[in-house]
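Taking it in order: structure first as C-alpha cells, then the write-up.
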Amino acid sequence: MDEQRDSGRAHWGFLAFFSGLAGYHLSTLVFTAVTADRFAEVDITDPPVLGPLLLLLFLPNVLLGLGPVVVSWRRGEGPNKDFGIAPRWYDVKVGLLCGGLSLLAAWVLGVVLLRVNRDTGSSPEQVEALSGGRSVWLALAALFVFLGAPLTEELLTRGALWNALEHYRVPKVAILGLTALMFAFLHEESWRTVSLFAQGLAIGAARMVTGRVSASVVAHAANNLLPAVYLYVGAS
C-alpha cells in the first residue's frame, strides 16, 4: 500500500515541476508584452510611483509554487502530505541552522564575486523610485522576499523536483546537487551562480536531513531575511 501511494505521489512530480516553470515563464512573457510600450515615454529622471506594479513583478514567482500545489491537489494527497509544508519544531531547528550556513556561504562568496563584478543589478534607490519610498507596497514586497519567495521556490525545487528525482532512485547527494543547480539558474543572475549554488546546497541540506520541504522553507526564509530588510531599509 505504501509503495503504491509513493508511486502515485511521485508519478506527477515532473508534471508539477514543469507546470510551475511553465507558469513562471509564460506570466513573465505576458507581463513583458503587456507593459513593454506603457513606459516608453516615461521620464527616467522623474519616474511615476508604481507601487502596485512592484507587487505584480512577483506574480511569476507565485506561479512557481502554484503549479506544484495545484497538481498535488489533483493528482496527489495534498501539499502537506506530499511535500511536508507544515513545519515541525525539528524542521525549524534544522532550517535555521542550514539558513545560517547559507548566509555564511553567501557572505564569503559574495565578497569574492563583488570584487569581480560590481554591477549587482537594481539598487534600493531604483526600487524606491518604483514603489514611492517606504510605502506599504515596499513593505509587502519585502515580506514576499522573506516568506513568499522561499515558499514558492522550495515547493518547485525541493518539493516537486526533489520528489520526482527521488522516485527514480537518484542518490540523495545527486538530488541535492541538481536541485541546488536549478535553484541557482532559476534566479537568472549569472554573476551570482556560484554563490546561489552554494546557498542552494545549504538550503537543500535541510530538506535532505528532515525529508520535509518546511525545513528548507525555514532555511530559505532565514537566508532571505537580510535581503528583505535591506530592500525596505535601504530605500530611504
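The values are calculated or read from the model by the stated rules, or taken from the named source; none is laboratory data. Just so it is clear, the model here is predicted, and its values are computed rather than measured. Every residue, glycine among them, receives a Cβ derived from its backbone with ideal geometry; neighbour counts consider all protein chains shown.
Restricting attention to region 209-222, and to residues there that are surrounded by 24 or more Cβ atoms within 10 Å (Cβ to Cβ) and of a type outside the set (A, V, I, L, M), which single residue is farthest from Asn163 (Cα to Cα)?
Looking at residues that are surrounded by 24 or more Cβ atoms within 10 Å (Cβ to Cβ) and of a type outside the set (A, V, I, L, M), I get His220.
When both residues are 6+ apart or on different chains and their Cβ atoms are under 8 Å apart, which pairs have a first residue that lies in region 141-164 and is in contact (Cβ under 8 Å) with a residue 12 or more places away in the chain, and a second that is surrounded by 24 or more Cβ atoms within 10 Å (Cβ to Cβ) and charged (D, E, K, R)?
Final answer for the pair search is Glu154/Arg207; Arg158/Arg207; Gly159/Asp82; Trp162/Arg207; Asn163/Asp82.
Say we look at region 197-208 and pick out the residues that are out of contact with any Gly (no Cβ under 8 Å at 6 or more places or on another chain) and crowded, with 24+ Cβ neighbours inside 10 Å; which of these is farthest from Val173 (Cα to Cα)?
The extreme case among them is Gln199.
Of the conditions (1) farther than 17 Å from Leu21 by Cα; (2) of a type in the set (Gly, Ala, Ser); (3) buried (at least 19 other Cβ atoms within 10 Å of the Cβ); (4) at pLDDT 95 or above, Ala141 fails just one. Which one is it?
Result: Ala141 passes all but (4).
Given the conditions (1) surrounded by 17 or more Cβ atoms within 10 Å (Cβ to Cβ); (2) within 25 Å of Leu55 (Cβ to Cβ), and given that Ser135 satisfies all but one, which numbered condition is not satisfied?
Evaluating Ser135 over (1) surrounded by 17 or more Cβ atoms within 10 Å (Cβ to Cβ); (2) within 25 Å of Leu55 (Cβ to Cβ) leaves (1) as the failure.
Looking only at region 205-220, which residues are closer than 16 Å to Gly65 by Cα and of a type in the set (S, T, N, Q)?
Hits for region 205-220 are Ser214, Ser216.
Would you point out the residue of region 169-191, among those that are free of Cβ contacts under 8 Å to residues at least 60 places away in the same chain and not hydrophobic (A, V, I, L, M, F, W, C), that is surrounded by the fewest Cβ atoms within 10 Å (Cβ to Cβ)?
Result: Arg169.
Among the residues of region 133-142, are any among the β-branched types (Val, Ile, Thr) and not in a helix (DSSP H, G or I)?
no
Can you tell me which residue is farthest from Phe146 (Cα to Cα) among those in region 190-236 that are polar (S, T, N, Q) and modelled with pLDDT of 95 or more?
Checking each candidate, the answer is Thr210.
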